[in-house]
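Below: the structure, in C-alpha cells.
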Amino acid sequence: MKAKKPSEMSIQELLKTQKTIQATIKILILVAILLLIIIAFLFLKKGFFSLMIFPFSLASVVITNSNSLKEIKHEISSRNLD
C-alpha cells in the first residue's frame, strides 16, 4: 500500500504521522549512537573497523524521515492548525 501525500491526509492522520515519524527519528538516532559506541569498543578491542558503515547508513533513513516530517509540518501549518 502506497503512503498518502500529506495534502491527502486528514488533520488527525497528519498529527499521528508526525508523532510516529518523530519517534522513529529519535529511535534511529539512538540506535546509531549505540552502534557507534559498540563499534568503537570493538575497534579498540579487536581492530575491526569495517562495521562503521552501519551507523552511517542509518543517516539516509533519518534524512528521509526528516524530509517527510518537514512536509507534514508544512501541511499542518498551511491548514492553520498547530
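What about Glu13, is it open to solvent by less than 90 Å² (accessible area, probe 1.4 Å), in contact with a Ser or Thr (Cβ under 8 Å, 6 or more places away or on another chain), part of a helix (DSSP H, G or I) and not aliphatic (A, V, I, L, M)? Considered against the rule, which asks whether it is open to solvent by less than 90 Å² (accessible area, probe 1.4 Å), in contact with a Ser or Thr (Cβ under 8 Å, 6 or more places away or on another chain), part of a helix (DSSP H, G or I) and not aliphatic (A, V, I, L, M), Glu13 comes out as no.
Looking only at residues in segment 38-58 that are of a type in the set (A, V, I, L, M) and open to solvent by less than 100 Å² (accessible area, probe 1.4 Å), which one is nearest to Ile27 (Cα to Cα)? Applying the filter and picking the extreme gives Leu58. Here Leu35 passes the criteria (1) surrounded by 15 or more Cβ atoms within 10 Å (Cβ to Cβ); (2) under 14 Å from the mean Cα position of the chain (by Cα); (3) without any contact (Cβ under 8 Å) to a residue 40 or more places away in the chain except the one numbered (2). Those residues that are in a helix (DSSP H, G or I) and touching a residue at least 60 places away in the same chain (Cβ under 8 Å), I need them from segment 1-10; list them, please. Residues satisfying the conditions are Pro6, Ser7.
The values are calculated or read from the model by the stated rules, or taken from the named source; none is laboratory data. It should be emphasised that the depicted structure is a prediction, and the values quoted were computed from it without experimental measurement. Virtual Cβ from ideal backbone geometry, glycine too; neighbours counted across all protein chains shown. Surface accessibility is based on the protein's heavy atoms, side chains included, excluding ligands, DNA and RNA. Shrake-Rupley method; radii C 1.70, N 1.55, O 1.52, S 1.80 Å.
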